[in-house]
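Here the structure comes first, spelled out in structure tokens, and everything after it is commentary.
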Amino acid sequence: MNRTIIEINISTMKGKFWYTALVAAMVCGLVFIAGACSSDPDNDSKSTLPRFSGIMFTPSTLTAGTTVTATAVQAKKGKLLDRTQYSWSFSSEEGSLNSDKRGVFYTNDNADPTCRVTLPTTPGTYTLTFTGVYNVSGHADNATESQDIEGGQVVYTTSPLTCSVVITRKVQVK
């Protein structure tokens, strides 16, 4: 009886398998990276700033010497934003500002930013400014864009690392 012996070199097969698996993994990784770096504006990894409709006051009547709440109203929430810093300023030294939130993680707390404003005792026209600086957790392009709002303007600035929103609004204190 004649037997045929088939000898298989297991170490060679293992080497070919791991080599093939490594090449396949590298190809998949390159495809993933190319997709994540796409400049497609609808890409899921693109950071976008919140879009603001303006600054609203509660109560809406601005009487000299009173305290009101100013709210920077987001018409559309932002996406893929991380550490965020908010600041408010007022053009009069007579008025004062008190903001509870200065630093937030936008992904966890994307509520409309607010500030308590004690209005000047002298009637007149003043400027209230809100600034939000957002750290990007996705990708963003370099761009600047402005939008007119009631009594002022919103300026959006984006860059690969941080993005900002500056809202200025003239207020008439009576």
Pick from 90, 52: which is surrounded by 10 or more Cβ atoms within 10 Å (Cβ to Cβ), among the aromatic types (Phe, Trp, Tyr), at pLDDT 90 or above and touching a Pro at 6+ places or on another chain (Cβ under 9 Å)?
90
Suppose we filter 86, 134 for residues that are within 18 Å of residue 162 (Cβ to Cβ), in contact (Cβ under 8 Å) with a residue 60 or more places away in the chain and not hydrophobic (A, V, I, L, M, F, W, C); which single one remains?
134
What about residue 148, is it assigned to a loop (DSSP other than H, G, I, E, B) and not β-branched (Val, Ile, Thr)?
no
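The values are calculated or read from the model by the stated rules, or taken from the named source; none is laboratory data. Remember, predicted model here, so these are calculated numbers, not experimental data. Here the Cβ is made from the backbone with ideal geometry for all residues, glycine too, and neighbour counts use every protein chain on show.
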